[in-house]
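No lab work stands behind these numbers, since they all come straight from the coordinates. Here the structure is a predicted model, which is why all the values come from computation and not from measurement. Glycine gets a Cβ as well: all are built from the backbone with ideal geometry, and neighbour counts include every protein chain shown.
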Amino acid sequence: MQGTIEWPTLNNAKTKVKGNVNASNVEFCEYEIIQGEDDVEVPANYKGQFDNSTSMKGSLNENDPEAAGTWTAKLVESNEEDAEDAQLFQASDVYKGVCYAYGVFVIAYSSSSLT
């Protein structure tokens, strides 16, 4: 599979993606920035599973603790008239998702006082 990801909450950044899909799993990578060079970083690697024919969830950047997270996506547009008979990832399908990326941080106290 190949396509694009748009990031409305990141100044409408847009990236190219490519990957593989089978009956139960999806794996893809954001590999090129189309717009928003200051707002997104590539590559970003996604792995996931289909919950059913219209939704999926998974992990992001498993090998990079500072950029790791989880994501979910749900089909919002399809050429198939009957969603139950739809095949996964058909051309022109659109999924809307949320990415929950976690960053690593350290809090260093220089002083502490209670009032």
Revision key, fill the gap. From fewest to most C-beta neighbours within 10 Å, the residues SER59, SER24 line up as SER24, SER59
Study note, to complete from the structure: Put in order of increasing Cβ neighbours within 10 Å, starting from the fewest, GLU77, GLU62 give GLU77, GLU62
Point to revise | Considering only region 2-101, percent of DSSP beta bridges that pair antiparallel, nearest 5 | key: 100
Revision key, fill the gap. Phi angles of region 57-66, converted by Karplus (6.51 cos²θ - 1.76 cosθ + 1.60, θ = phi - 60°) into ³J(HN,Hα) in whole Hz with x for Gly and Pro, give 8, x, 10, 10, 6, 4, 8, 10, x, 6
Revision key, fill the gap. Applied in sequence order to region 48-53, the curve 6.51 cos²θ - 1.76 cosθ + 1.60 (Karplus, θ = phi - 60°) yields integer Hz couplings, x standing for Gly and Pro, of x, 10, 7, 6, 6, 6
Revision key, fill the gap. Taking R0 as 25 Å and r as the Cβ-Cβ distance between ALA23 and TYR100, the FRET efficiency 1/(1 + (r/R0)^6), rounded to the nearest 0.05, comes to 0.45
